[in-house]
1. What is the residue count in segment 45-96 for residues that are under 19 Å from L126 (Cβ atoms) and open to solvent by 70 Å² or more (accessible area, probe 1.4 Å)?
2. Residue under question is T140, and the condition is that it be touching a strand residue (DSSP E or B) at 6+ places or on another chain (Cβ under 6 Å) and over 21 Å from D26 (Cα atoms); does it hold?
3. Cβ-Cβ distance below 8 Å, separation of 6 or more or different chains: which pairs start in segment 81-110 with a residue that is on the phi < 0 side of the Ramachandran plot and end on one that is among the aliphatic types (A, V, I, L, M) and open to solvent by 70 Å² or more (accessible area, probe 1.4 Å)?
4. Every residue in segment 1-45 that is at positive phi, touching a residue at least 12 places away in the same chain (Cβ under 8 Å) and over 13 Å from the mean Cα position of the chain (by Cα), please.
5. From (1) buried (at least 18 other Cβ atoms within 10 Å of the Cβ); (2) of a type outside the set (V, I, T); (3) in a loop (DSSP other than H, G, I, E, B); (4) in contact with a Lys or Arg (Cβ under 6 Å, 6 or more places away or on another chain), pick out the condition that doesn't hold for N25.
6. Does segment 56-79 hold any residues that are among the β-branched types (V, I, T) and at pLDDT 95 or above, and which are they?
7. Report those helices (runs of 4 or more DSSP H) wholly inside segment 99-207 carrying at least 3 residues which are open to solvent by 10 Å² or more (accessible area, probe 1.4 Å) and either modelled with pLDDT under 95 or farther than 23 Å from G62 by Cβ (or both).
Amino acid sequence: MARTLSAKQVLQMKFDTVRLGGGWNDCVGEVETSGVWFIWGNSGNGKTSAVVSLCKELSAFGKVLYNSREEGMSLTMQNTLRRYGMGELGSKFQISNLTLEELDAKISQPRAPRFIVLDSFQFMGLTYRDFRAFCEKHRTKLLIFVSRTHGRQPDGRAACSAMYDASLKIWVEGYKAFSKGRFIGPTGEVTIWEDGARRYWEGRENK
């Protein structure tokens, strides 16, 4: 049976939290350094750039592992990493192309990265059961799942269920990221690419 706490006891609890730079604090505010985040958005809207930008800010607080199963070690990924100066981070930022089993083994090791990106939910072949088991095993980590979309929703029932479980939900559209979860900063959004965002949102207003 779960332990029952008073409101006073809950209010006295301490959590490991950070405030991110790069405009992300405006979007998400103060966030915990463990748990589950979920990022989704349509192709060509700046989703990968948003994730890499987020990884750069997280690297100030611990090692980040970006497991890129979908895009892999491609030229487009190389260009994104170069644009955000990720090479300057050294061992604080690592990129891999591991299966779920290989990733599980890697982050179970001592001194493994603290922040883990899984891109994408669909390309890794995750079921909802896989997702729950992985999150439960690595609940001291911050797990960031990236998803394809169907319309404005994550693609597939398992991804939709995972999105609802996440403490922080980030929707990427028109080169902006919007907080849809339990953590929301002063504006609830961050611009990923100024010129692209201006053209996209001005174009929508003019329609």
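1. Matching residues across segment 45-96 total 1.
2. On the way: touching a strand residue (DSSP E or B) at 6+ places or on another chain (Cβ under 6 Å): no; over 21 Å from D26 (Cα atoms): yes.
So T140 does not fit the description; no.
3. I95/M73; N97/M73
4. G22, G23, G29
5. Of the numbered conditions (1) buried (at least 18 other Cβ atoms within 10 Å of the Cβ); (2) of a type outside the set (V, I, T); (3) in a loop (DSSP other than H, G, I, E, B); (4) in contact with a Lys or Arg (Cβ under 6 Å, 6 or more places away or on another chain), the odd one out for N25 is (3).
6. So the first thing to find is which residues in segment 56-79 are among the β-branched types (V, I, T), and the list is 64, 76.
Passing the criteria: only V64.
7. Working: elements: 100-107, 128-137, 157-165, 194-206.
Result: 128-137, 157-165, 194-206.
The values are calculated or read from the model by the stated rules, or taken from the named source; none is laboratory data. If you're wondering where the values come from, they're calculated on a predicted model, not measured in any experiment. Note that each Cβ is placed from the backbone with ideal geometry, even for glycine, and that neighbours are counted across all protein chains shown. Just so you know, the surface numbers come from the protein's heavy atoms only, side chains and all, with ligands and any DNA or RNA stripped out. Shrake-Rupley method; radii C 1.70, N 1.55, O 1.52, S 1.80 Å.
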